[in-house]
Amino acid sequence: MALVYVTRRMHFSASHRLHSEALDEQQNSEIYGACNNPLGHGHNYDLEITVCGEPDPVTGMVIDLKNLKELVQREVIDHVDHKHLNYEVDFLAGQVPTAENIAVAIWRVLEKKFSGVKLFRVKLYETERNLVEYYGA
C-alpha cells in the first residue's frame, strides 16, 4: 500500500515578545530588534500539520480530516489563539517564543496524540514570507 501524506492548515492569532532572560537588555535589543518591544507584537499565524500513513482499505482515508481538525483545535489552537505566548501558553513556558520554538513545542504536544498515523511535519507561517518546518528529532 502507498504511504500518503495528509495536511490540515489552521490559523491562529497571537502576540509575543522575543526576549531571552540569558541576555541583557542591550543584547536582546540588538538580536531581536523591534520584536523585543516590551509590550510585544502580534502575528496572524498559519499552521500546517502533516501526518502520514496508509489509506484505510475500506474508507480510502489516511485520517478523517474532521478528526485531525478537532485534535489540533483542542490540543493547540485553543491554547494559543488570541493569547500572549510568553505568559499564557503552558507548553511554551520558559522558552523564547520564536517561530522555531513554537513549531517544536507544537510537535511535542501532538506527537503522541495520533493513532494509526504518524506525525510527519509541523509547518508554521509567522508571516507570508517567514516560515519554519519541523520534522521531529
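Points to keep in mind about this one:
- Taking residues in region 10-22 that are closer than 8 Å to Leu85 by Cβ, and partners anywhere that are among the aromatic types (Phe, Trp, Tyr), the pairs with Cβ atoms closer than 7 Å and at least 6 places apart or on different chains are Ala14/Tyr45.
- Scope region 52-62; condition open to solvent by less than 30 Å² (accessible area, probe 1.4 Å), outside any strand (DSSP E or B) and within 10 Å of Val117 (Cβ to Cβ); matching residues: Val62
- Residue within region 111-133 that is in contact (Cβ under 8 Å) with a residue 12 or more places away in the chain and in a helix (DSSP H, G or I) present: no
- Residues within region 9-51 that are loosely packed, with under 12 Cβ neighbours inside 10 Å and part of a strand (DSSP E or B), tallied: 1
- Breaking point among (1) at positive phi; (2) under 14 Å from the mean Cα position of the chain (by Cα); (3) small (Gly, Ala, Ser), for Ala103: (1)
- Evaluation of Glu100 against (1) open to solvent by 60 Å² or more (accessible area, probe 1.4 Å); (2) farther than 17 Å from His43 by Cα (one fails), failing number: (2)
The values are calculated or read from the model by the stated rules, or taken from the named source; none is laboratory data. Note that this is a predicted model, so its numbers are computed, not measured. Glycine also receives a Cβ, built like all others from the backbone with ideal geometry; neighbour counts cover every protein chain displayed. We work out accessible area using only protein heavy atoms, side chains counted, and drop any ligands, DNA or RNA first. Shrake-Rupley method; radii C 1.70, N 1.55, O 1.52, S 1.80 Å.
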